[in-house]
Amino acid sequence: MRKKVLKITTITLLILLAIIVAVPLFLQGKIEDIIKTKVNNSINATFDFEEADLSLLRSFPDANLKLTNLSLVNQAPFEGDTLFASSEIALSMSIKELFKSTEEPIVLRTLTVDGAKLLIKADKDGNANYDIAKESESSTATTTEASSDNFTLNLNSYAITNSEIVYWDMDSGMRLDILEMNHSGTGDLSLEKSELKTLTDALVSFEMDSTQYLNRNKINLDALIGIDLTENKYTFLETQ
């Protein structure tokens with residue numbers, strides 16, 4: 001009797017393992033299409049990535065998705081400029097999120113970004129390269145798009161590693177470079193009011209009117225940030 005139970009248990013575990021390994025193979029193409037469709041339908045820019053690697057074992061019982069060599073390329077008036085690029089972004093979510101259609105929002109639990117480059121630029125005519133969100137024809141359309149085309153962040157933690165951010169105002173001649181940045185945050189971002197614990201270290205350069213005031217100066221910042229999503233307010237509660 002024990003041998004029979006053991007045999008049934010072993011077979012069951014093997015079947016479950018086979019399902020866990022096989023499901024990503026069937027869903028991977030669908031997930032790639034959902035992500036690209038959701039993002040590109042909501043922006044006036046071109047979002048793409050080289051490969052998506054879906055695993056149910058890496059962070060079980062959550063699903064883990066890795067996207068490699070991502071790019072977000074501007075359209076006019078900054079056509080051809082790369083607004084954002086990253087060597088890898090890793091997302092984790094409930095397995096049930098994998099079975100949603102392209103019309104349903106996807107809830108993300110953790111987010112890790114590595115090797116990112118973000119260029120924020122404003123030209124002398126006042127155009128900003130980050131102003132890429134598509135405008136809806138009515139408030140109703142806006143509500144619909146917000147609920148259907150975007151991802152829902154229900155994050156408990158996130159991290160940005162080995163990354164850089166550049167802000168360049170071409171009209172004023174101001175440029176801020178944040179290099180070799182490592183930043184992480186923990187907190188329940190699903191709440192309307194929450195506190196986010198953040199850790200940041202980076203090298204900072206700052207230039208204004210061809211005068212350089214900072215040149216790869218090291219900064220370290222531990223901050224507790226209060227978040228009020230209803231009022232869209234972000235407050236530094238503690239800093240070190």
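The values are calculated or read from the model by the stated rules, or taken from the named source; none is laboratory data. Everything numeric here is computed off the predicted structure, so don't read it as measured data. For neighbour counting, all protein chains shown are included, and Cβ atoms are generated from backbone atoms with ideal geometry for every residue, glycine included. Each accessible area value is taken on the protein alone, full model and side chains, heavy atoms only, with ligands, DNA and RNA left out. Shrake-Rupley method; radii C 1.70, N 1.55, O 1.52, S 1.80 Å.
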**Complete:** Taking segment 103-131 and keeping only residues that are open to solvent by 50 Å² or more (accessible area, probe 1.4 Å) and β-branched (Val, Ile, Thr), one is left with 112
**Asked** Cβ-Cβ below 9 Å, separation at least six or inter-chain, first residue in segment 186-208 and surrounded by 16 or more Cβ atoms within 10 Å (Cβ to Cβ) and modelled with pLDDT under 95, second in a loop (DSSP other than H, G, I, E, B) and of a type in the set (A, V, I, L, M, F, W, C): which pairs?
**Response** 189/229; 196/189
**Message:** Checking the structure you have, find out if any residue of segment 214-224 is within 25 Å of the chain's Cα centre (by Cα) and surrounded by 15 or more Cβ atoms within 10 Å (Cβ to Cβ).
**Reply:** yes
**Request:** Pull up segment 32-54, narrow it to residues that are among the aliphatic types (A, V, I, L, M) and in contact with a helix residue (DSSP H, G or I) (Cβ under 6 Å, 6 or more places away or on another chain), then point me to the one that is nearest to residue 70 (Cα to Cα).
**Result:** 52
**Fill in**
Only one of 134, 100, 96 is modelled with pLDDT of 85 or more and surrounded by fewer than 16 Cβ atoms within 10 Å (Cβ to Cβ), namely 134
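Of a type outside the set (A, V, I, L, M, F, W, C), outside any loop (DSSP other than H, G, I, E, B), more than 22 Å from the chain's Cα centre (by Cα) and closer than 18 Å to residue 116 by Cα: which single residue out of 184, 205 fits that description?
Numbers: 184 fails: more than 22 Å from the chain's Cα centre (by Cα).
Answer to the check: 205.
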**Prompt:** Filtering segment 103-134 down to residues that are in contact with a helix residue (DSSP H, G or I) (Cβ under 8 Å, 6 or more places away or on another chain) and part of a loop (DSSP other than H, G, I, E, B), which residue is farthest from residue 90 (Cα to Cα)?
**Reply:** 134
